[in-house]
Amino acid sequence: MNSAEQCSAVCRWLQSKTKIKTINGKWSSYGLKHLAEDEIGYVTNGAFIRAAIHSGFAYRLSPSNPNVEFNISEKSLKAVRGPHWVGG
């Protein structure tokens with residue numbers, strides 16, 4: 001998949017994820033991309049970040065690493081993995 005295809009796939013995956021008021025510091029873009037990959041196949045961290053920002057998720061940058069945190073609901077992430085999943 002090229003970068004545009006990856007971004008489109010991530011945008012579709014994110015459509016079922018709920019935005020919350022605060023940043024979910026439990027998950028970085030790198031961890032979230034791995035969750036998405038279980039359903040959509042390989043994507044780069046950069047493609048995930050671009051797609052999440054394009055999809056309207058608020059974000060927080062870290063000066064010490066390339067990963068980004070988003071305002072994505074933990075509840076909507078648990079829906080991906082099932083009710084007994086603890087995540088993170």
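The values are calculated or read from the model by the stated rules, or taken from the named source; none is laboratory data. Values in this document were obtained by computation on a predicted structure and should not be read as measured data. FYI the Cβ positions are ideal-geometry reconstructions off the backbone, even for glycines, and counts take in every protein chain you see.
Within region 51-76, track down each residue that is closer than 15 Å to residue 17 by Cα, in contact (Cβ under 8 Å) with a residue 40 or more places away in the chain and not in a helix (DSSP H, G or I). Reasoning before the result, please.
Taking region 51-76 first, the residues closer than 15 Å to residue 17 by Cα are 51-59, 69-76.
Next, from what is left, pick out any that are in contact (Cβ under 8 Å) with a residue 40 or more places away in the chain: 51-52, 54-55, 57, 69-76.
Those that are closer than 15 Å to residue 17 by Cα, in contact (Cβ under 8 Å) with a residue 40 or more places away in the chain and not in a helix (DSSP H, G or I): 55, 57, 69, 70, 71, 72, 73.
Can you pull out every residue in region 3-19 that is of a type outside the set (D, E, K, R) and crowded, with 18+ Cβ neighbours inside 10 Å? Reasoning before the result, please.
Going through region 3-19, the residues of a type outside the set (D, E, K, R) turn out to be 3-4, 6-11, 13-16, 18.
Residues satisfying the conditions are 6, 7, 9, 10, 13, 14.
Could you please find all residues in region 27-45 being closer than 12 Å to residue 67 by Cα and in contact (Cβ under 8 Å) with a residue 24 or more places away in the chain?
Of all residues in region 27-45, those closer than 12 Å to residue 67 by Cα come to 27-33, 44-45.
If the condition is that a residue be closer than 12 Å to residue 67 by Cα and in contact (Cβ under 8 Å) with a residue 24 or more places away in the chain, then 27, 28, 29, 30, 31, 32, 44 are the ones that fit.
Matching residues to (1) β-branched (Val, Ile, Thr); (2) part of a loop (DSSP other than H, G, I, E, B); (3) at pLDDT 95 or above:
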{"position": "10", "(1), (2), (3)": "yes, no, yes"}
{"position": "21", "(1), (2), (3)": "no, yes, yes"}
{"position": "26", "(1), (2), (3)": "no, yes, no"}
{"position": "49", "(1), (2), (3)": "yes, no, yes"}
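Quickly run through region 1-26 and pick out the residues that are within 14 Å of residue 53 (Cβ to Cβ) and in contact (Cβ under 8 Å) with a residue 60 or more places away in the chain.
Once the filter is applied, which keeps residues that are within 14 Å of residue 53 (Cβ to Cβ) and in contact (Cβ under 8 Å) with a residue 60 or more places away in the chain, region 1-26 yields only 17.
Give the residues of region 40-59 that are surrounded by fewer than 21 Cβ atoms within 10 Å (Cβ to Cβ) and under 16 Å from residue 76 (Cβ atoms), sorted by residue number.
40, 55, 56, 58
Can you find, within region 20-39, the residue that is surrounded by the most Cβ atoms within 10 Å (Cβ to Cβ) among those that are under 11 Å from the mean Cα position of the chain (by Cα) and not small (Gly, Ala, Ser)?
Just the residues of region 20-39 that are under 11 Å from the mean Cα position of the chain (by Cα), to begin with: 24, 27-37.
With not small (Gly, Ala, Ser) added as a condition, the list becomes 24, 27, 30, 32-35, 37.
On the way: 24: 18, 27: 19, 30: 14, 32: 27, 33: 24, 34: 15, 35: 18, 37: 15.
Going through the qualifying residues, I end up with 32.
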